[in-house]
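Note sheet for the following structure.
The values are calculated or read from the model by the stated rules, or taken from the named source; none is laboratory data. Because the structure is a prediction, the values reported are computed rather than measured. Note that we place each Cβ from the backbone using ideal geometry, even for glycine, and neighbour counts take in every protein chain shown. What goes into the accessible areas is simple: the full protein's heavy atoms, side chains included, and nothing from ligands, DNA or RNA. Shrake-Rupley method; radii C 1.70, N 1.55, O 1.52, S 1.80 Å.
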Amino acid sequence: MDEVFKALADASRRRLLDSLNARNGQTLRELCAGLDMARQSVSKHLALLEAAGLVVTVRRGREKLHYLNAAPIHAIADRWISHYARERVRALADLKSALEQNPMDSNAFVYTTYIRTTPDELWQALTDPAFTRRYWGVTFETTWTAGSPMVWDEGGRRTSDPEQVVLAAEPGRRLSYTWHTFTPEWAEAVGIGDDVYAKLAKERRSKVTFEIEPAGDTVKLTVVHDDLEPDSTMRGMIGEGWPALLSSLKSLLETGEELPEPPR
(Lines give C-alpha, C1' and ligand atoms only; values in the text may rest on other atoms or scores of the structure.)
Protein backbone atom coordinates (compact mmCIF):
# COMPACT_ATOMS: atom_id res chain seq x y z
CA MET A 1 0.00 0.00 0.00
CA ASP A 2 2.80 2.44 0.90
CA GLU A 3 4.49 1.87 -2.46
CA VAL A 4 1.24 2.51 -4.32
CA PHE A 5 0.55 5.79 -2.52
CA LYS A 6 4.14 6.95 -2.99
CA ALA A 7 4.03 6.09 -6.69
CA LEU A 8 0.78 8.00 -7.19
CA ALA A 9 2.05 11.04 -5.27
CA ASP A 10 4.35 12.16 -8.10
CA ALA A 11 2.81 14.18 -10.94
CA SER A 12 5.20 12.76 -13.57
CA ARG A 13 4.28 9.22 -12.64
CA ARG A 14 0.58 10.07 -12.81
CA ARG A 15 1.19 11.45 -16.31
CA LEU A 16 2.78 8.15 -17.30
CA LEU A 17 -0.29 6.29 -16.01
CA ASP A 18 -2.53 8.71 -17.90
CA SER A 19 -0.54 7.99 -21.05
CA LEU A 20 -0.97 4.24 -20.61
CA ASN A 21 -4.64 4.67 -19.84
CA ALA A 22 -5.02 6.50 -23.15
CA ARG A 23 -2.96 3.92 -25.06
CA ASN A 24 -1.82 0.76 -23.37
CA GLY A 25 1.16 -1.38 -24.35
CA GLN A 26 3.71 1.40 -25.07
CA THR A 27 7.47 1.07 -25.30
CA LEU A 28 9.85 3.26 -23.31
CA ARG A 29 10.58 5.26 -26.47
CA GLU A 30 6.89 5.93 -27.04
CA LEU A 31 6.36 7.01 -23.43
CA CYS A 32 9.35 9.35 -23.56
CA ALA A 33 8.00 10.99 -26.71
CA GLY A 34 4.95 12.21 -24.83
CA LEU A 35 6.88 13.68 -21.90
CA ASP A 36 9.39 16.49 -21.58
CA MET A 37 11.71 14.28 -19.58
CA ALA A 38 15.00 12.47 -20.06
CA ARG A 39 14.83 8.78 -20.96
CA GLN A 40 16.69 7.86 -17.76
CA SER A 41 14.15 9.75 -15.63
CA VAL A 42 11.23 8.05 -17.37
CA SER A 43 12.90 4.66 -16.77
CA LYS A 44 13.24 5.41 -13.05
CA HIS A 45 9.60 6.48 -12.78
CA LEU A 46 8.46 3.34 -14.62
CA ALA A 47 10.57 1.18 -12.30
CA LEU A 48 8.80 2.70 -9.27
CA LEU A 49 5.39 2.21 -10.88
CA GLU A 50 6.26 -1.39 -11.70
CA ALA A 51 7.49 -2.02 -8.15
CA ALA A 52 4.15 -0.72 -6.88
CA GLY A 53 2.30 -3.03 -9.25
CA LEU A 54 0.67 -0.16 -11.15
CA VAL A 55 2.54 -0.99 -14.35
CA VAL A 56 3.19 -4.43 -15.83
CA THR A 57 5.77 -5.12 -18.53
CA VAL A 58 5.56 -7.81 -21.20
CA ARG A 59 8.36 -8.76 -23.60
CA ARG A 60 7.53 -8.86 -27.31
CA GLY A 61 10.71 -9.81 -29.14
CA ARG A 62 13.30 -7.14 -28.40
CA GLU A 63 10.71 -4.66 -27.15
CA LYS A 64 9.36 -4.29 -23.63
CA LEU A 65 5.76 -3.10 -23.59
CA HIS A 66 4.25 -1.30 -20.59
CA TYR A 67 0.66 -1.87 -19.44
CA LEU A 68 -1.49 -0.17 -16.84
CA ASN A 69 -2.54 -2.55 -14.03
CA ALA A 70 -5.60 -1.64 -11.93
CA ALA A 71 -5.22 -4.38 -9.29
CA PRO A 72 -3.49 -2.17 -6.64
CA ILE A 73 -6.35 0.31 -6.92
CA HIS A 74 -8.76 -2.53 -6.17
CA ALA A 75 -6.70 -3.39 -3.09
CA ILE A 76 -6.94 0.20 -1.84
CA ALA A 77 -10.70 0.03 -2.27
CA ASP A 78 -10.98 -3.25 -0.38
CA ARG A 79 -8.76 -2.23 2.52
CA TRP A 80 -9.64 1.42 3.06
CA ILE A 81 -12.58 2.94 1.29
CA SER A 82 -15.09 0.16 1.84
CA HIS A 83 -14.86 0.76 5.59
CA TYR A 84 -16.19 4.28 5.28
CA ALA A 85 -18.66 4.77 2.47
CA ARG A 86 -20.51 2.45 0.13
CA GLU A 87 -20.99 5.19 -2.42
CA ARG A 88 -17.26 5.79 -2.59
CA VAL A 89 -16.69 2.11 -3.24
CA ARG A 90 -19.16 2.36 -6.08
CA ALA A 91 -17.32 5.39 -7.45
CA LEU A 92 -13.99 3.54 -7.34
CA ALA A 93 -15.60 0.62 -9.13
CA ASP A 94 -16.51 3.08 -11.89
CA LEU A 95 -12.85 4.14 -11.99
CA LYS A 96 -11.85 0.47 -12.23
CA SER A 97 -14.16 0.04 -15.20
CA ALA A 98 -12.75 3.15 -16.85
CA LEU A 99 -9.19 1.87 -16.45
CA GLU A 100 -9.92 -1.64 -17.70
CA GLN A 101 -12.54 -1.03 -20.36
CA ASN A 102 -11.20 2.14 -21.96
CA PRO A 103 -10.62 1.37 -25.66
CA MET A 104 -6.90 0.96 -26.27
CA ASP A 105 -4.78 0.76 -29.39
CA SER A 106 -3.00 -2.30 -27.99
CA ASN A 107 -4.49 -5.66 -28.90
CA ALA A 108 -3.64 -7.20 -25.52
CA PHE A 109 -5.37 -7.21 -22.14
CA VAL A 110 -2.85 -7.50 -19.28
CA TYR A 111 -3.73 -7.94 -15.61
CA THR A 112 -1.53 -8.72 -12.60
CA THR A 113 -2.52 -9.83 -9.12
CA TYR A 114 -0.66 -11.20 -6.08
CA ILE A 115 -2.04 -14.30 -4.35
CA ARG A 116 -0.95 -15.72 -1.00
CA THR A 117 -0.30 -19.26 -2.21
CA THR A 118 2.48 -21.31 -3.84
CA PRO A 119 3.28 -21.69 -7.56
CA ASP A 120 2.26 -25.35 -7.46
CA GLU A 121 -1.07 -24.60 -5.78
CA LEU A 122 -1.79 -21.84 -8.28
CA TRP A 123 -0.97 -24.16 -11.17
CA GLN A 124 -3.39 -26.72 -9.75
CA ALA A 125 -6.07 -24.06 -9.44
CA LEU A 126 -5.62 -23.14 -13.12
CA THR A 127 -5.78 -26.73 -14.39
CA ASP A 128 -7.60 -29.01 -11.92
CA PRO A 129 -11.35 -29.37 -12.66
CA ALA A 130 -12.09 -29.47 -8.94
CA PHE A 131 -10.80 -25.89 -8.73
CA THR A 132 -11.76 -24.37 -12.09
CA ARG A 133 -15.36 -25.54 -11.67
CA ARG A 134 -15.68 -23.58 -8.42
CA TYR A 135 -14.42 -20.12 -9.41
CA TRP A 136 -14.98 -20.29 -13.18
CA GLY A 137 -17.77 -22.79 -13.80
CA VAL A 138 -15.58 -24.38 -16.49
CA THR A 139 -13.56 -27.59 -16.64
CA PHE A 140 -11.00 -28.55 -19.27
CA GLU A 141 -10.46 -31.97 -20.81
CA THR A 142 -6.81 -32.04 -21.86
CA THR A 143 -3.46 -33.58 -20.96
CA TRP A 144 -1.97 -30.11 -20.32
CA THR A 145 0.96 -30.68 -22.67
CA ALA A 146 1.93 -28.34 -25.50
CA GLY A 147 -0.07 -29.14 -28.62
CA SER A 148 -2.74 -31.20 -26.84
CA PRO A 149 -6.40 -30.49 -27.70
CA MET A 150 -8.77 -28.91 -25.19
CA VAL A 151 -12.47 -29.45 -24.61
CA TRP A 152 -14.25 -26.72 -22.63
CA ASP A 153 -17.06 -28.06 -20.43
CA GLU A 154 -19.39 -25.48 -18.89
CA GLY A 155 -21.97 -27.31 -16.81
CA GLY A 156 -22.26 -30.16 -19.31
CA ARG A 157 -22.16 -27.88 -22.37
CA ARG A 158 -19.09 -29.05 -24.23
CA THR A 159 -17.18 -26.98 -26.80
CA SER A 160 -14.55 -28.73 -28.89
CA ASP A 161 -12.57 -27.59 -31.91
CA PRO A 162 -9.23 -28.70 -33.44
CA GLU A 163 -7.93 -25.14 -32.91
CA GLN A 164 -8.57 -25.26 -29.15
CA VAL A 165 -5.10 -26.36 -28.04
CA VAL A 166 -2.54 -25.95 -25.28
CA LEU A 167 0.28 -23.69 -26.50
CA ALA A 168 2.65 -23.92 -23.53
CA ALA A 169 2.58 -25.78 -20.23
CA GLU A 170 5.38 -25.39 -17.67
CA PRO A 171 3.93 -26.46 -14.30
CA GLY A 172 4.28 -23.78 -11.67
CA ARG A 173 5.64 -21.26 -14.20
CA ARG A 174 3.66 -20.70 -17.39
CA LEU A 175 0.45 -21.83 -19.04
CA SER A 176 -0.92 -20.71 -22.41
CA TYR A 177 -3.79 -21.87 -24.58
CA THR A 178 -6.09 -20.71 -27.37
CA TRP A 179 -9.55 -19.42 -26.50
CA HIS A 180 -12.67 -21.45 -27.14
CA THR A 181 -14.83 -21.30 -30.26
CA PHE A 182 -17.97 -19.18 -30.03
CA THR A 183 -20.99 -21.35 -30.76
CA PRO A 184 -24.72 -20.53 -30.88
CA GLU A 185 -25.24 -22.86 -27.89
CA TRP A 186 -22.63 -20.99 -25.85
CA ALA A 187 -24.10 -17.61 -26.77
CA GLU A 188 -27.60 -18.70 -25.74
CA ALA A 189 -26.38 -20.18 -22.44
CA VAL A 190 -24.53 -17.02 -21.37
CA GLY A 191 -27.19 -14.65 -22.58
CA ILE A 192 -25.38 -13.19 -25.59
CA GLY A 193 -27.71 -11.63 -28.16
CA ASP A 194 -27.65 -12.55 -31.84
CA ASP A 195 -26.00 -9.27 -32.87
CA VAL A 196 -23.16 -9.61 -30.37
CA TYR A 197 -22.68 -13.29 -31.21
CA ALA A 198 -22.45 -12.46 -34.92
CA LYS A 199 -19.62 -10.01 -34.20
CA LEU A 200 -17.76 -12.47 -31.95
CA ALA A 201 -18.03 -15.25 -34.51
CA LYS A 202 -16.26 -13.09 -37.12
CA GLU A 203 -13.29 -12.24 -34.89
CA ARG A 204 -10.07 -14.23 -34.96
CA ARG A 205 -9.28 -16.71 -32.21
CA SER A 206 -7.43 -15.17 -29.28
CA LYS A 207 -5.18 -16.77 -26.69
CA VAL A 208 -4.49 -16.41 -22.97
CA THR A 209 -1.19 -16.81 -21.10
CA PHE A 210 -0.69 -17.15 -17.35
CA GLU A 211 2.76 -16.18 -16.04
CA ILE A 212 3.48 -17.45 -12.50
CA GLU A 213 6.32 -15.95 -10.45
CA PRO A 214 7.22 -16.36 -6.74
CA ALA A 215 7.08 -13.03 -4.90
CA GLY A 216 8.09 -13.45 -1.28
CA ASP A 217 5.26 -15.17 0.59
CA THR A 218 2.92 -14.58 -2.35
CA VAL A 219 2.79 -15.52 -6.03
CA LYS A 220 2.61 -12.95 -8.80
CA LEU A 221 0.13 -13.97 -11.47
CA THR A 222 0.13 -12.05 -14.75
CA VAL A 223 -2.61 -12.79 -17.27
CA VAL A 224 -2.05 -11.73 -20.88
CA HIS A 225 -5.02 -12.17 -23.21
CA ASP A 226 -3.90 -11.23 -26.71
CA ASP A 227 -4.25 -11.88 -30.43
CA LEU A 228 -7.33 -9.67 -30.14
CA GLU A 229 -8.47 -7.48 -32.99
CA PRO A 230 -8.41 -3.70 -32.37
CA ASP A 231 -11.67 -2.44 -30.84
CA SER A 232 -12.97 -6.01 -30.83
CA THR A 233 -16.14 -7.10 -29.08
CA MET A 234 -14.11 -9.75 -27.27
CA ARG A 235 -11.76 -7.10 -25.86
CA GLY A 236 -14.62 -5.32 -24.12
CA MET A 237 -16.00 -8.56 -22.67
CA ILE A 238 -12.75 -9.79 -21.15
CA GLY A 239 -12.11 -6.33 -19.68
CA GLU A 240 -15.04 -7.05 -17.40
CA GLY A 241 -14.62 -10.81 -17.06
CA TRP A 242 -10.98 -11.34 -16.12
CA PRO A 243 -10.81 -9.02 -13.06
CA ALA A 244 -13.91 -10.67 -11.54
CA LEU A 245 -12.66 -14.17 -12.35
CA LEU A 246 -9.19 -13.57 -10.90
CA SER A 247 -10.64 -12.01 -7.76
CA SER A 248 -12.67 -15.17 -7.23
CA LEU A 249 -9.57 -17.34 -7.84
CA LYS A 250 -7.61 -15.28 -5.31
CA SER A 251 -10.39 -15.59 -2.74
CA LEU A 252 -10.61 -19.36 -3.23
CA LEU A 253 -6.88 -19.90 -2.73
CA GLU A 254 -6.56 -17.53 0.23
CA THR A 255 -9.81 -18.22 2.11
CA GLY A 256 -11.13 -21.49 0.71
CA GLU A 257 -14.25 -19.75 -0.62
CA GLU A 258 -14.80 -18.39 -4.10
CA LEU A 259 -16.66 -15.11 -4.55
CA PRO A 260 -20.38 -15.38 -5.33
CA GLU A 261 -21.17 -15.07 -9.02
CA PRO A 262 -22.56 -11.60 -9.81
CA PRO A 263 -26.05 -11.45 -11.30
CA ARG A 264 -26.08 -11.38 -15.11
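For segment 58-142, list the helices (runs of 4 or more DSSP H) that sit wholly inside it and hold at least 2 residues that are at pLDDT 85 or above and under 20 Å from residue 221 (Cα atoms); which are they?
The qualifying helices (runs of 4 or more DSSP H) are 119-127, 129-135.
If you scan segment 170-185, which residues turn out to be under 22 Å from the mean Cα position of the chain (by Cα) and open to solvent by less than 50 Å² (accessible area, probe 1.4 Å)?
Once the filter is applied, which keeps residues that are under 22 Å from the mean Cα position of the chain (by Cα) and open to solvent by less than 50 Å² (accessible area, probe 1.4 Å), segment 170-185 yields 172, 175, 176, 177, 178, 179, 180, 181, 182.
If residue 146 satisfies all but one of (1) loosely packed, with under 14 Cβ neighbours inside 10 Å; (2) touching an Asp or Glu at 6+ places or on another chain (Cβ under 7 Å), what's the number of the condition it fails?
(2)
Name every residue in segment 206-225 that is part of a loop (DSSP other than H, G, I, E, B) and either more than 19 Å from residue 60 (Cβ to Cβ) or of a type in the set (A, V, I, L, M, F, W, C) (or both), in order of residue number.
216, 217 - these are the residues of segment 206-225 that are part of a loop (DSSP other than H, G, I, E, B) and either more than 19 Å from residue 60 (Cβ to Cβ) or of a type in the set (A, V, I, L, M, F, W, C) (or both).
Under 7 Å by Cβ, and 6 or more places apart or on different chains, what pairs join a residue from segment 152-174 that is in a strand (DSSP E or B) and polar (S, T, N, Q) with one that is modelled with pLDDT of 95 or more and open to solvent by 80 Å² or more (accessible area, probe 1.4 Å)?
The qualifying pairs are 164/149.
When you scan segment 126-138, do you find a residue that is crowded, with 17+ Cβ neighbours inside 10 Å and in contact with a His (Cβ under 7 Å, 6 or more places away or on another chain), even just one?
No - not one qualifying residue is present in segment 126-138.
Looking at segment 212-238, which of its residues are surrounded by fewer than 18 Cβ atoms within 10 Å (Cβ to Cβ) and either within 16 Å of residue 116 (Cα to Cα) or in contact with a His (Cβ under 6 Å, 6 or more places away or on another chain) (or both)?
Those that are surrounded by fewer than 18 Cβ atoms within 10 Å (Cβ to Cβ) and either within 16 Å of residue 116 (Cα to Cα) or in contact with a His (Cβ under 6 Å, 6 or more places away or on another chain) (or both): 213, 214, 215, 216, 217, 218.
Of the residues that make up segment 160-168, is at least one open to solvent by less than 30 Å² (accessible area, probe 1.4 Å), of a type in the set (Gly, Ala, Ser) and in contact with a strand residue (DSSP E or B) (Cβ under 8 Å, 6 or more places away or on another chain)?
Yes - at least one qualifying residue is present in segment 160-168.
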